Amino acid sequence: MTLPRDARQEQRSSPPLPAGNGSVPLLKRQDEVAIAKRMERGHLMVLKSISRSPIVLKELINVGEELRNGTLSIKKIIQFDQKS
């Protein structure tokens, strides 16, 4: 079954916004800062957890050995700025 062209276009378009959009107040600066701080703390907690993983430590030691042996380039490990 093929839909008429108008029906197909209607299906692809996004649903209409609910009436009264924009009635929710924007965040105040202090609220945005609080959310950003919570996000940063969460990010640091994830990094801390990952860094304590035995698997990650083992891989880090392997990477160090490969760098010393010359079998791995530092360019594969560190992302350098392309502007330099």
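Values quoted throughout were computed directly from the atomic coordinates according to the rules given, and no laboratory measurement underlies them. Everything numeric in this text was worked out from a predicted model, so none of it was measured. Neighbour counts run over all protein chains shown; Cβ positions are idealised from the backbone, glycine included.
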Handout entry: Whole-Hz couplings from phi, Karplus 6.51/-1.76/1.60, listed for region 67-75; x for Gly and Pro
Key = 5, 5, 6, x, 8, 9, 8, 4, 5
Handout entry: Qualifying lysines (Cα of each under 26 Å from Cα of residue 58; at least 8 residues distant if same chain)
Key = 48, 75, 76
Problem - Spacing of the two label points (7 Å from each Cα toward its C-beta) at residue 57 and residue 27, in nm - result: 3.6
